[in-house]
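Below: the structure, in structure tokens.
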Amino acid sequence: MFEKFISTDVRQSRQHLPVTNESVTNKWTALLPTHIVESSTVLDLGCANGSAGHWCLTNGCKSYTGVEVQDKYYQTAKNLLPECEFIQSDAVDFLKTTDRQWEV
């Protein structure tokens, strides 16, 4: 389910707790249960490569917005999920400058 996200994640090769399809699936199952994201607008601060966005889309969110400060992760997320909105910014700076609201 997350293969294209894992292949772009530098944490896949770390010795302890490497990022795997199972670990990412378990993470998003626990943090973003389907009943929370389904039909909701989602904001992800520090979205890295966008794997949470993939999870949210798969589980029926209305929209997903990812905010990421690191250029490599930001570019990767935009390429992997072109149907989502990504903003390159520091999370605190972004929150100071937006009046938008999200449900999750």
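Can you list the residues, at least 5 places off or on another chain, whose amide H is less than 5 Å from the amide H of Glu85, using H built in the peptide plane?
Amide H neighbours of Glu85, under 5 Å, 5+ apart: Tyr64, Gly66.
Counting GluC sites (Glu not before Pro) as exposed when in a DSSP loop with at most 14 other beta carbons within 10 Å, what is the longest stretch of the chain free of them?
Value returned for the longest uninterrupted segment is 39-82.
Can you figure out the FRET efficiency of Gln15 with Val92, using R₀ = 30 Å and their beta-carbon distance, to the nearest 0.05?
0.40
Using alpha-carbon pairs under 8 Å, 6+ residues apart, how would you state the relative contact order of the chain in percent?
Numbers: 159 pairs, mean separation 25.7, N = 104.
Worked out over the chain, it gives 25 percent.
With a 1.4 Å probe and all protein chains in place, put Thr58, Thr65, Thr25 in order of accessible area, largest first. Don't skip to the end; give the middle numbers.
Details: Thr58 80, Thr65 5, Thr25 35 Å².
Highest to lowest solvent-accessible surface, that is Thr58, Thr25, Thr65.
Could you tell me what percent of the accessible area of the chain is made up of carbon and sulfur, with a 1.4 Å probe and every protein chain present?
Values: 3150 of 6080 Å².
Carbon with sulfur: 52 percent of the solvent-accessible area.
Would you kindly enumerate the cysteines in the chain that have no other Cys beta-carbon under 4.7 Å from their beta-carbon?
Within the chain, the cysteines lacking a partner Cβ under 4.7 Å are Cys47, Cys84.
Could you compute Rg(Cα) / (2.2 N^0.38 Å) for the chain, with N its residue count?
That ratio works out to 1.04.
Within the range 37-104, list the trypsin sites (Lys or Arg not before Pro) lying in a DSSP loop whose Cβ has at most 12 other Cβ atoms in a 10 Å radius. Present the calculation step by step, with values, prior to reporting the outcome.
Values: sites: Lys62, Lys72, Lys78, Lys96, Arg100; in loops: Lys62, Arg100.
Qualifying residues, ordered by number: Arg100.
Rank these residues by their accessible area, most exposed first, probe 1.4 Å: Ser7, Ser13, Ser51.
These residues rank, largest area first, as Ser13, Ser7, Ser51.
The values are calculated or read from the model by the stated rules, or taken from the named source; none is laboratory data. Since the structure is predicted, the reported quantities are computational estimates derived from the model, not experimental observations. FYI the Cβ positions are ideal-geometry reconstructions off the backbone, even for glycines, and counts take in every protein chain you see. Areas reflect the complete protein model, heavy atoms only, side chains present, ligands, DNA and RNA absent. Shrake-Rupley method; radii C 1.70, N 1.55, O 1.52, S 1.80 Å.
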